[in-house]
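So the structure is just underneath, and the comments pick up after that.
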Amino acid sequence: MAYAFKLPDLGEGLTEGEVARWLVAVGDEIVEDQPLVEIQTDKTTVEIPSPAAGLVSRILVAEGEVAAVGAVLVVIGADDDGADAPVADAPSAAMSQGLSPGQGRPSQAGAKVQATPLVRRVAQELGVDLGSVTPSGPGGRITEEDVRAAAGGAAPAEGRREKVRGVRRQIVDHLTRAHREIPAVTYVEECDFTDVDLKQLLPLVLRATAQSLQEFPELNARLEGDEIVYLDRYDLGVAVQTDQGLVVPVVRGCDSRSVDELRADVDALAQKARDGKLAQEDLRGSTFTVTSAGKLAGLFVTPLINSPEVGILGVHRIGPRAVVRDGKIVARTMGNISVTFDHRVVDGARAAAFTLAVIARLEA
């Protein structure tokens, strides 16, 4: 009998995932627990093993496509009479009909239309019936260009186009939601780093931040509906730049661990991030985020909040500056520290006081 493998529940409230890479091909004979597919979520890339042995008879979702939890991804084996296993509502039904990723046909009556919410909104604004649009996207997906062409307002194609996928797609989705939903405000102040061991800067900032969050619990919280959830753990995300984009692994227990222990964790997570080997657990459950661009840091940038958190602390360029001390102009090692916060949850005065508390701990 054929086995229709569906995208499983990946936890953390995730409702969909992108097929990052197939590890098998149609016609392959596979065994149970053999690596089957890599799924990219907004947390990490997950390798999923095959739950069954047999011949890979159909792959229904192409690489780079997004599938909902419960959607059929692949069919393994065949019925006794040689017929394929029935597959209903597959996100990439066009693939099983022999269409190439760039080929399409108008949607049939009653057929499921493949289009993102943005494309549906554009179609509504332009008065275009999606059921009459010929899709050109992967797996029969209708693109914005398809809708505008159907409305007679397509602009000439220009420049090189590259599909947004993988980590970059997660960044696009995540930051678009954050920008639309969170009324963010940023507070910034100078910090004197002259007496700070800059080789241990990040673990020192993590510890000072966690200790200060204990005094300002509304910054170590999240907004869920009409409730503010105050968290009693201090697991801080650290923004790490990789070749694929920005990821935010989590350093656990920053309030209770030594600087050396935090240093070891930061280094290990950063290396895993750059090697593309972060596990889901490495990216889950942060309560607040710290970011620093290191040598590339500017005088000041406005970090974006890592939803569903309500705050993010940024450490900006550190270097010698002329400052006034005891009425004299002297050279000190100075840098800016910022806190961007969700104004629905955190008042401006409290965010400022939190920032100053972090600075005081670092300077001390």
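Can you tell me which aspartates and glutamates have their Cα less than 12 Å from the Cα of Lys272? Leave out same-chain residues fewer than eight positions away.
Asp282
Using per-residue counts of other Cβ atoms within 10 Å, averaged over each peptide, order 219-225, 234-240 from highest down. Present the calculation step by step, with values, prior to reporting the outcome.
Working: 219-225: 17.7, 234-240: 21.7.
My ranking of the peptides, most packed first, is 234-240, 219-225.
Provide the packing ranking of 19-30, 320-331, 182-193, i.e. peptides ordered by the mean count of other C-beta atoms within 10 Å per residue, highest first. Present the calculation step by step, with values, prior to reporting the outcome.
On the way: 19-30: 15.2, 320-331: 9.5, 182-193: 16.8.
The most tightly packed comes first, giving 182-193, 19-30, 320-331.
Expressed in nm to one decimal, what extension gain is obtained for the pair Ala364 and Arg332 from 0.36 nm per residue of sequence separation less their Cα-Cα distance? Each step should come with its number before you reach the end.
Details: separation 32, 0.36 × 32 = 11.52 nm, distance 1.50 nm.
Length gained between Ala364 and Arg332: 10.0 nm.
Between the range 1-80 and the range 230-245, how many Å separate their Cα centres?
If you average the Cα positions of each part, the centres end up 29 Å apart.
Between Lys6 and Lys199, how many nm apart are label points set 7 Å from Cα along the C-beta direction?
Reported label-point gap for Lys6 and Lys199 is 5.6 nm.
Which order do you get for His316, His343 if you rank them by accessible area with a 1.4 Å probe, largest at the top? Provide the component values of the computation, followed by the final result.
Details: His316 10, His343 85 Å².
From most accessible down to least: His343, His316.
State the three equivalent ellipsoid semi-axes of the range 226-302, derived from the C-alpha gyration tensor as the square roots of 5 times its eigenvalues, in descending order and whole Å. Display every interim value, and only then the final one.
Details: eigenvalues 86, 54, 42 Å².
The answer is 21, 16, 14 Å, longest axis first.
If I stretch the segment between Ala349 and Val26 completely, what's the gain in nm (0.36 nm per residue apart, minus their alpha carbon distance), one decimal?
Numbers: separation 323, 0.36 × 323 = 116.28 nm, distance 6.03 nm.
Going from the current span to full extension adds 110.2 nm.
Gain in length, Arg120 to Tyr230, computed as 0.36 nm per residue apart minus the alpha-carbon separation, to one decimal in nm? Let's see the in-between values first.
Values: separation 110, 0.36 × 110 = 39.60 nm, distance 3.71 nm.
Additional length available on full extension: 35.9 nm.
For the peptides 205-218, 349-362, what is the packing order when you average, over each peptide's residues, the other Cβ atoms within 10 Å and list the highest mean first? Intermediate values should be presented prior to the final figure.
Details: 205-218: 20.7, 349-362: 17.9.
With the highest mean Cβ count within 10 Å placed first, the list reads 205-218, 349-362.
Please list Lys163, Lys277 in order of solvent-accessible area, largest first, computed with a 1.4 Å probe with all protein chains present.
Values: Lys163 105, Lys277 140 Å².
Ranked from most to least accessible, the order is Lys277, Lys163.
The values are calculated or read from the model by the stated rules, or taken from the named source; none is laboratory data. Owing to the predicted nature of the structure, the values given are computational and were not obtained by experimental measurement. Cβ coordinates were reconstructed from backbone atoms using ideal geometry, including for glycine residues, and neighbour counts include every protein chain displayed. Remember, those area values only see protein heavy atoms, side chains included, never the ligands or the DNA or RNA. Shrake-Rupley method; radii C 1.70, N 1.55, O 1.52, S 1.80 Å.
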